[in-house]
Amino acid sequence: MPIKLIVFDVDETLWSVNVTFTSFLKPPLRLVETNEIRDSQDAKVKLFPEVRELLKTLKEKGILMSIASLNDPEPNLVLECLRLFKIADYFIYPQINHKGKNRNIKTIVKLLEEKEGIPINYPEIIFVDDQELNIRSVMKGCPGIKAVHLGKDIKNIGQILNLI
C-alpha cells in the first residue's frame, strides 16, 4: 500500500529542545536564526537541518503530514514553534495534547475522513517518534501502521524518504 500520511512527533524528532519538552519553554518565543528559536530564559529549540527539505519533498509527492505530540495544548508552544519556523502549513489537524499518540493518530484519521473526505487505513501511515514507548503504544493501538523509531530504525529524519 502506498503511504498517504506521515505523523511526526516533534521534540527530538523534528527539533531538539534543551528543556526536555516544548511545553517547558517560557514565552515569549522568538526566532533568532532560520532554524533556531529562543525563549525568555534563552532555552533553545533547533529545527533539524533536513526537516525543511523533507517537508517540501513530501508535499510535492502528495503525502499528507500531521503531528502527534505529548505537549500541553494551552498555551500551545508547539504550534507557536511551527509558526515561527514557518512550517505550520505543512501539517493537517495536528494533535498536541496528553491523550496518547495512538488516540491522536485515530483522531487525525477520523478528521481526514470526516472533513476532507480522505479515507486512510493504518498500513498507509508512517508514524515517526524518538521514544520506544510511543512506538510500541502506536503499533498496539493502530494495527498495521508503520512505526519508525528515530535513532534506531533511521539515523535522521530525512531518511524517511527511503521508506516511502
Next item on the list: List every residue pair whose Cβ atoms sit under 6 Å apart, with the two residues 6 or more apart in sequence or on different chains, where the first one lies in the range 34-63 and is acidic (Asp, Glu) and the second, anywhere, is assigned to a strand (DSSP E or B) and surrounded by fewer than 18 Cβ atoms within 10 Å (Cβ to Cβ).
Entry: Glu36/Lys46
Margin query: Among the residues that make up the range 113-132, is at least one of them touching a helix residue (DSSP H, G or I) at 6+ places or on another chain (Cβ under 7 Å) and assigned to a helix (DSSP H, G or I)?
Written below: no
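Which residues, counting only those in the range 56-70, are part of a strand (DSSP E or B) and of a type outside the set (Gly, Ala, Ser)?
The initial filter retains those residues of the range 56-70 that are part of a strand (DSSP E or B), namely 64-69.
Residues satisfying the conditions are Leu64, Met65, Ile67.
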Checklist line | Given (1) touching a strand residue (DSSP E or B) at 6+ places or on another chain (Cβ under 7 Å); (2) on the phi > 0 side of the Ramachandran plot; (3) touching a residue at least 40 places away in the same chain (Cβ under 8 Å), index of the condition Tyr93 fails | finding: (3)
Next item on the list: Output the residue which, of all residues in the range 71-91 that are part of a loop (DSSP other than H, G, I, E, B) and touching a helix residue (DSSP H, G or I) at 6+ places or on another chain (Cβ under 7 Å), is nearest to Lys4 (Cα to Cα).
Entry: Ile87
Check: Out of curiosity, is Leu77 within 16 Å of Trp15 (Cα to Cα) and in contact (Cβ under 8 Å) with a residue 40 or more places away in the chain?
Finding: yes
Next item on the list: Give the number of residues within the range 14-55 that are closer than 21 Å to Glu74 by Cα, in a loop (DSSP other than H, G, I, E, B) and polar (S, T, N, Q).
Entry: 4
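No lab work stands behind these numbers, since they all come straight from the coordinates. Bear in mind the structure is a predicted one, so any value in this text is a computation, not a measurement. FYI the Cβ positions are ideal-geometry reconstructions off the backbone, even for glycines, and counts take in every protein chain you see.
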